[in-house]
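First up is the structure itself, then whatever we jot down about it.
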Amino acid sequence: MDTLCSLSGLDPLWDWNVTWYTAHPDLTQCFQHTVLVWFPCFYLWVCAPFYCLYLRFYDNGRISLSSLCCAKTGLGLCLASFGLLEMQTDRNTLCPQILAVLVIHLERLRGFRSSIFLFLFWTLAVICSLVPLRANIQTIIDEGFSADAMRFVAFFTFFSLQLAQLILSCFADQRPVTLKPVYNPCPVEDASFLSKVLFWWYGRLVVKGYRSPLQAEDLWSLREEDTSEKIICDLEKEWAKQWAKMQQQESALNGTQALGYKLSEQTQLLRKLHKEQISGFCLLRTLAKNFGPYFLTGTLCLVIQDAFMFSIPQVLSLLLGFVRDEDAPLWKGYLFAFLMFLLSCLQSLFNHQYMYTCFSVGMRVKTAVMGLVYRKSLVINSAARRTCTVGEIVNLVSADTQKLMDFVVYFNAVWVAPIEIALCLFFLWQRLGPSALAGIATVILIFPLNGFIAKMRSKLQVQMKYMDGRIKLMNEILSGIKILKFYAWENAFRERVLGYREKELNALKKSQILYSISIASFNSSTFLIAFAMFGVYVLIDEKHVLDAQKVFVSMALINILKAPLSQLPFAMSTTMQAVVSLKRLGKFLCQDELKLDSVERAPYHPDIDGVVIDNGTFSWSKDSTPWQRGSLVAVVGHVGSGKSSLLSAMLGEMEKKSGHVTVSGSVAYVPQQAWIQNATLKDNILFGHERKDSWYQSVLEACALLPDLGILPARDATEIGEKGLNLSGGQKQRVSLARAVYRKADIYLLDDPLSAVDAHVGQHIFENVIGPNGVLKNKTRILVTHGLSFLPQADLILVMEDGEITEMGSYAELLSRKNTFADFVKAFSVCERKESATHRGKCMWNTSGPSAWPSSSPLGYVFKLLEVCIIVIITRSTSLTSILLCFQSFYVATSCQLRRLESVSRSPIYTHFNETVQGAGVIRAFGEQSRFILLANSRVDHNQTSYFPRFVATRWLAVNLEFLGNLLVLAAAILSVMGRATLSPGIVGLAVSHSLQVTGILSWIVRAWTDVENNIVSVERVKEYAETTKEAPWTIEDSPLPSDWPKSGSIGFQEYGLQYRRGLDWALKEISLSVNEREKVGIVGRTGAGKSSLALGIFRILEAAKGKIFIDGINIAEIGLHQLRSRITIIPQDPVLFSGSLRMNLDPFDGYTDEEVWRALELAHLKNFVSGLPDKLNHECSEGGENLSLGQRQLVCLARALLRKTKILVLDEATAAVDLETDNLIQSTIRTQFEDCTVLTIAHRLNTIMDYTRVIVMDRGHIAEMDSPNNLISQRGQFYRMCREAGLV
């Protein structure tokens, strides 16, 4: 190169005397005419082919010719003309401007709106022109402008055009015309490269949040690459491949076992553990393939920021050397000061681009995993469902996905931190020589300690098991809170929750103690390292002197060392927790799924049988059972005979052992326990379908819902609480039936839908919906029923016993055979009545107080509240500058609002998960999986629209604050250079090294203060619940309550009035009556009459709005709630069981002997069933008692009452889910075992109260009629009309 320069008549390429060792530095003419000219050209010509190849695969539409594009093209052509003129005079000059113009138009055609490639080219071109610019200006100063005016004009014009191109490249072009319009698009899509790097695009939201509270509509739409649809679509394909591979491996292992190799239990357990581990790694591999490339771009930013970070101490060393050297020219000091500022800024920018990338990837990972878990929950089979409770699944998408997000952010620290530590020690070795070994020894001592701690903490991850158990139990408690209050069981279940919590806290406490030791060791390590190294350095040689350069450069390196040392334990801990979470997620995602071939779905054809079971073996018969299209098939049998299981088999919910099932046409399913969504009544009925007014009104009328609309605050737009908590049992069942009817399906599977409705309502529904003249008369209807009165109208009757179809035929055929069915009908011909179930009276549509809380608080919201951990109280610094306060005020205002929006939008995700898991069978039966997946996607996306700007806000703040800190570094360095004559190197080192730390301190102060304000949002939510109106005390110590109260069981109502909430209509009005001891009173009435309100009043679930209730002469308002509720008994309509042993469900306080429990079971007709169970009383009930039939659960509730045997018994439609035979047995048991008790029965079947002392007929909160049944019939009033509708008169 020197030869080339000499041939051109120029000086050498490089001359240190001209460039460095001089008071007036400059570059040689050869360097200016070669390197500075060629370097931008070389960059453009070499990189352009690769960039064009990249653009070939990037097609985002075409950008129309905009003013910005025209300006760039015009300037490019002007620059190209200058380049062509220069090529005429200098053939060694390349003309890159023409290529730049071509790239500009290629980007426009490919929809590339902001070019980092051209931005770097124009930046290089301007930087390389600065030296000639300075030389030309100096020449003009020395020789005058007229010396070479034409050249000066040409150069300044050329430089101005380049500078203009650089400025224009800082702006982004308009959106491509082919892109679909997006409401409120994310501004990052419209931002230029420079705006993205500096997060300027975020500024408008900060200003808006500062000026006025942000609303959900103020937030941007998600970018396409961040949406659930895009993320999960790509991920599902990859996971399907991994799942198929695992299935093949498992099939191969099972094939080996089938050859005759019997595996031991230990081998099977090891294989199971291996499968869980492999599934976790498969999930990690899937996530890495989908998100790895983008994550690697962030990792590249991290490596570059590390390079800049380690350069800063070297420049600090040069600056301190400059201060110590009095003869050094002043320009070197300014150079080092500006270089330190530039390196600090670049380090900050690359660091926050890395963090932005990590949080973006973490957000996408969370979306992806939640999507996979949600889709899996829709397809797991019943066996897998029993092992995965709702609480556990919600925990997967809340706690475990958060751990994966943390893992994404901190994973790189696992391998980068050791490299950073090694580099720090290497540079320290250069400064302090072998003394650095003392620091290495300190680090070596710290690492094994923390490795041991990390291993111990990974073993303590069993706390997740306790957390799962606690959340699962809390889910059940909140679902069955009314039952707990009825039975006064709060203390027993509180102890269970506290037991789980204590174990969880013990594990967490140990884990946090270990973590604190780890953090303390790493935080103190910087002091220990400095103390060891400086001490050894001074002691080993008397000539060793610690000057400012050694001390402060070493301290700068040690401060760098502090970050990886503190991050490493957290990164290791996070990685361990992520491994556990991956195993848990992998285990769930690898659960067995429903087999699609269990039921063959055939298209509808009028000449084909609707349902055919051919030699089907599920757990019952092997009969070939075709059901003709348009027929009504009734399925009857005792409790637990397998009626509901038959419908499950038709839906494909049970594992098919053999045989063939064909279902022709669409299916609608009404489950035995109605599944209601947390949505409006209308949405529950339409269930995703378009509303057709005439048909909708017909369905409401047929399902007897029109009277209910009249008592609803907003008619069919009334919001239904989660699980239909503000609906009565009958209303829930009718809404569930209306959903099915509105669907206009070909086949209807009806699992005892008439059991929870009044007799007249049941008759109405059968005649208008199910029966031969109903709206479904041309559909195939398979009806599970306990009502004998409907059977003569059935086309086919299936009689089930012990899981087998014992008889099949028409009503007349079965009677003529004189077998089981005939005996059954004959034995109960006297009590054959039309099936009904009076529902629960006045609906709690809008309530306040303790009973309103469960119905108005979705479980997802409550669970997130329970997860709130409020930490961080920081003392506010009074020395913040006005700029810092400005950034803080803008950031805090916006961040707190985003936190609130994100928190509010997070709860519906878990509520929807909760609903979906519980109603998965209904969703599958209606074929609505895709719609619910879209709903889940929309809720996750809605949450991410507030999460995304929230984490970007932190990056925006950090970039601005660190730029402010870097300005302080620049100011300290420049002032040190200017005052070097009066400042010692030690003072300069102290000032500059501490100003380098100010950057991090400023960010920490604002973030800590903001965390306090953000966490106040959580405090607000806790405070909101803490201030919820509490119910009365459980016990009153000074209450003069006799130990044997109530002794007689008399009840008196004195002008009693009840409201569900102030301002609403009275549910009960001026009720005055006396119930004598041992009296049996039936309570009847139509929907909303106030029947169940009486029961709620007696148990003080709702407090009296006026009047009093006396039991044995004592005002129940003057005693504690537990003192009241533990002395009286109710058998509720909804038979709620909790996960745990059967004995626990009967006697949670262990207050009764096993003999007494067995006696209660015998009287409840459950002894034979429980005796046949392997674990008998210790039989484990699944969540909600799902492994028992509904009728068996109702009998367990009867056994609870028999065990308590109090003087007052309230039956709230207690036999709604049992067959007539069992109902007769229950009524017989009640008459004999509660003969000496006062019994209030909210009537289920009117025949059950015909022998009662009195009957109370409720109507709109009043007692309309009250007398003995015979007298009321003779009066021919409301009771007479109800009996006539029920066929009793």
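Points worth noting:
- Spatial offset of the range 763-827 relative to the range 1160-1200 amounts to 27 Å, using the alpha carbon center of each.
- Stretchable slack from residue 1228 to residue 984, in nm (0.36 nm times residue separation minus alpha-carbon distance): 77.6 nm
- Cα shape, the range 312-447, gyration tensor, a/c 1.5 rule: oblate
- For residue 550, a cut-off of 27 angstrom between C-alpha atoms picks up these lysines, skipping any fewer than 8 places away in its own chain: 332, 562.
- Using alpha-carbon coordinates, inclination of helix 729-742 to the longest axis of the chain, degrees: 70 degrees
- Note on the chain: dipole from Cβ charges, positive end direction compared against 373, 345, 958; the farthest Cα belongs to 373.
- Protein heavy-atom surface of the range 1140-1289, 1.4 angstrom probe: 44% of the accessible area is carbon and sulfur, with nucleic acids and ligands not counted.
- Computed lengthening from residue 190 to residue 43, 0.36 nm per intervening residue step minus Cα-Cα distance: 50.2 nm
- Cα centroid of the range 190-213 to Cα centroid of the range 342-401, whole Å: 26 Å
- Gain in span if fully extended, residue 140 to residue 1168, counting 0.36 nm per residue against the direct Cα distance: 358.9 nm
- Across 924, 457, the residue with the most accessible area heads the list, and the full order at a 1.4 Å probe is 924, 457.
- Residues of the chain: accessible area per residue with a 1.4 Å probe, Å²: 43 Å²
- Gyration tensor verdict on the chain (Cα atoms; rounded if a/c is under 1.5, prolate if a/b is larger than b/c, oblate otherwise): prolate
- Straight-line reach from residue 1069: taking Cα to Cα under 16 Å and skipping same-chain neighbours fewer than 8 places apart, the aspartates and glutamates in range are 1055, 1103, 1259, 1265.
- The GluC sites (Glu not before Pro) found in the range 1018-1048 that occupy coil by DSSP, while having at most 14 further C-beta atoms within 10 Å, are 1027, 1037.
- Given R0 = 56 Å, the distance between the Cβ atoms of residue 817 and residue 498 translates into a calculated FRET efficiency of 0.40.
- Nearest-0.05 FRET efficiency for residue 1154 and residue 1073, computed from C-beta distance (R0 35 Å): 0.30
- Near residue 1082, the amide H atoms lying under 5 Å from its own belong to 1241, 1254, 1255, 1256; only residues 5 or more places off or on other chains count, and H is placed 1.01 Å from N.
- With the simple spin-label model, which puts each label point 7 Å out from Cα in the Cβ direction, the residue 429 to residue 81 separation comes to 6.1 nm.
- The angle between the Cα long axis of helix 463-479 and the main principal axis of the chain comes to about 50°, on a 0 to 90 degree scale.
- Distance between the modelled labels on residue 285 and residue 160, one decimal in nanometres: 6.3 nm (7 Å Cα→Cβ projection).
- On the basis of the beta-carbon distance and an R0 of 60 Å, residue 682 and residue 123 show a calculated FRET efficiency of 0.50.
- Accessible-area value, residue 1171, 1.4 Å probe, nucleic acids and ligands omitted, Å²: 50 Å²
- Relative to one another, the C-alpha centroids of the range 935-977 and the range 897-927 are positioned 31 Å apart.
- 5 angstrom amide H check on residue 1106, placed H, neighbours 5+ away: 1057
- Reachable lysines from residue 818, criterion Cα separation under 26 angstrom, eight or more residues apart if same chain: 622, 643, 826, 834
- Residue ranking by accessible heavy-atom surface, 1.4 Å probe, largest first, among 190, 142, 226 comes out as 142, 190, 226.
- Exposure ranking of 570, 932 by accessible area [1.4 Å probe, largest first]: 570, 932
- Helix 67-89 axis, angle to the chain major axis (alpha carbon atoms, nearest 10°): 30 degrees
- The chymotrypsin sites (Phe, Trp or Tyr not before Pro) of the range 31-64 that meet both conditions, a loop assignment by DSSP and at most 15 other Cβ atoms within 10 Å of the site Cβ, are 58.
- Taking the helices alone, the chain has a mean residue ellipticity at 222 nm of -19500 deg cm²/dmol, built from -39,500 (n - 2.57) per DSSP H run of at least 4 residues and averaged over all its residues.
The values are calculated or read from the model by the stated rules, or taken from the named source; none is laboratory data. Note that this is a predicted model, so its numbers are computed, not measured. Ideal geometry is used to build each Cβ from the backbone, glycine not excepted, and the neighbour counts take in all protein chains shown. Protein only, heavy atoms only, side chains kept; ligands, DNA and RNA dropped before computing areas. Shrake-Rupley method; radii C 1.70, N 1.55, O 1.52, S 1.80 Å.
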